[in-house]
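Structure first, then comments.
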Amino acid sequence: MPTIRDVARRSGYSITTISRVLNHTGYVSSKATKKIKTVMQEMDYVPNAIARDLSNGRTHKIGVILPQIKNPYFSKILEGIMEAAFSTDYSIMLLPSNYDEKKELYYLEQLRRKEYEGLIITSHGLPLKKLAAYNKYGPIVCCEDPEQLSLAAVFTDRLAVFVQMFQWLHAQKIQSITCMFYRNAQASATTRLTLAAYQKVYQQELAQDFILTNIRDASSAYQAVKKVNPQTQYIFTNSDSNAIAVRQYYLDHQKSLPGIIGQGHEISSFLANLPTIDYHLSELGRQAFQLVCAQPYETQKVKLTADFITKYDSLDAIATALSPKY
């Protein structure tokens, strides 16, 4: 593969002159430009984009750390990011983590080495303080409330919507509620906020035998129903697809259905007539992308509202609510 030095030797012009032609910077005569372009075409010379990006300090790449892609929560955020990036010259790099702290630290080190112009962190295993320490190496936007830490963030007000949901249950005199979580309270902000909302409404902690963790997908949700406390009146699942799996378990085993609540505002919750929470995740992704690319970058915090949905007026309403905005 020919290099810029080969082009210089054949054309008779310096590497600096050829670089000016490639980068459209500085003065180069029309005669020299024509000669250099002709030689590049004859030699089938392709500029090294990586080297060029390094020279001007731009990679045009935004990394998105995703614990997993199967969960609709993360795929919807990614949908919003991709939509926002489509009309720009940025490329989106998917960085799977599975909450592995070493893997996430590796991605942060890549940011420090300028392999990305910024990072969007949809969820994380590393403590927020460690994430904030890398903010000086490039823009970082997280998708949860960093509270007092100097981190840019776009997040939904989950505590408020969880309180609203538990108040709705409390008004119906529901006392026994099982909650399904991906991770325990020590590892997950969502779990902590859910339990805090329950305690605020019911004036007591949720008993451990009404807490199920490690609910990663529909299959684990289906199996976890075997561990549900028999006194349970309602099950609050951690996604709409998991809610459907829980519902199917009861139907498959000819058991009386408890109340079931999902999360994610998917069409499956509408079709099964299940309450759900709309976190407006596509909008969250769009705003996270805009924030990470903002010039100048600022550690701005954007809080979005979430909606607790108990019913829809019609199929038209769900179609309008869930249709892509692009």
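The values are calculated or read from the model by the stated rules, or taken from the named source; none is laboratory data. This structure is a prediction, so every number in the text was calculated from the model and none was measured. Note: ideal-geometry Cβ built from the backbone for every residue, glycine included; neighbour counts use all protein chains shown.
Worth pointing out:
- Evaluating residue 79 against the criteria (1) modelled with pLDDT of 90 or more; (2) part of a loop (DSSP other than H, G, I, E, B); (3) among the acidic types (Asp, Glu) leaves one unmet condition, (2).
- Screening 119, 151, 111 for residues that are modelled with pLDDT of 95 or more, assigned by TED's automatic domain parsing to the domain that holds residue 91 and hydrophobic (A, V, I, L, M, F, W, C) leaves exactly one candidate, 119.
- Selection count where residues are free of Cβ contacts under 8 Å to residues at least 12 places away in the same chain and in contact with a Ser or Thr (Cβ under 7 Å, 6 or more places away or on another chain), scope segment 207-243: 0
- Among the criteria (1) at pLDDT 85 or above; (2) surrounded by 13 or more Cβ atoms within 10 Å (Cβ to Cβ); (3) over 35 Å from the mean Cα position of the chain (by Cα), the one residue 16 does not fulfil is (2).
- From 145, 209, residue being in contact with a strand residue (DSSP E or B) (Cβ under 9 Å, 6 or more places away or on another chain) and not assigned by TED's automatic domain parsing to the domain that holds residue 98: 209
- Checking each residue in segment 83-125 for being touching a residue at least 60 places away in the same chain (Cβ under 8 Å), of a type in the set (A, V, I, L, M, F, W, C) and assigned to a helix (DSSP H, G or I) picks out 84, 85.
- If you filter segment 126-154 down to residues that are in a loop (DSSP other than H, G, I, E, B) and touching a Ser or Thr at 6+ places or on another chain (Cβ under 8 Å), you find that the one that is surrounded by the most Cβ atoms within 10 Å (Cβ to Cβ) is 143.
- When each of 284, 291, 257, 251 is tested for being modelled with pLDDT of 90 or more and in a loop (DSSP other than H, G, I, E, B), the lone residue that passes is 257.
- Matching option when the condition is among the small types (Gly, Ala, Ser) and more than 22 Å from residue 123 (Cβ to Cβ), among 224, 197, 245, 171: 171
- Leading residue by the ranking (modelled with the lowest pLDDT) among those in segment 260-281 that are buried (at least 21 other Cβ atoms within 10 Å of the Cβ) and under 30 Å from residue 116 (Cα atoms): 264
- Only residues that are touching a Gly at 6+ places or on another chain (Cβ under 9 Å) and in a helix (DSSP H, G or I) were counted across segment 260-281, and they come to 3.
- Filter result for residue 176 (under 14 Å from residue 62 (Cβ atoms), surrounded by fewer than 17 Cβ atoms within 10 Å (Cβ to Cβ), of a type outside the set (A, V, I, L, M, F, W, C) and touching a strand residue (DSSP E or B) at 6+ places or on another chain (Cβ under 9 Å)): no
- Number of the condition not met by residue 55 [criteria: (1) among the hydroxyl-bearing types (Ser, Thr, Tyr); (2) at pLDDT below 90; (3) more than 35 Å from the chain's Cα centre (by Cα)]: (3)
- Close contacts from segment 294-311, counting a first residue that is of a type in the set (Gly, Ala, Ser) and a second that is surrounded by 11 or more Cβ atoms within 10 Å (Cβ to Cβ), with Cβ to Cβ under 7 Å and a gap of 6+ residues or different chains, come to 306/156; 306/157; 306/158; 306/161; 306/277; 306/278; 306/279; 306/280.
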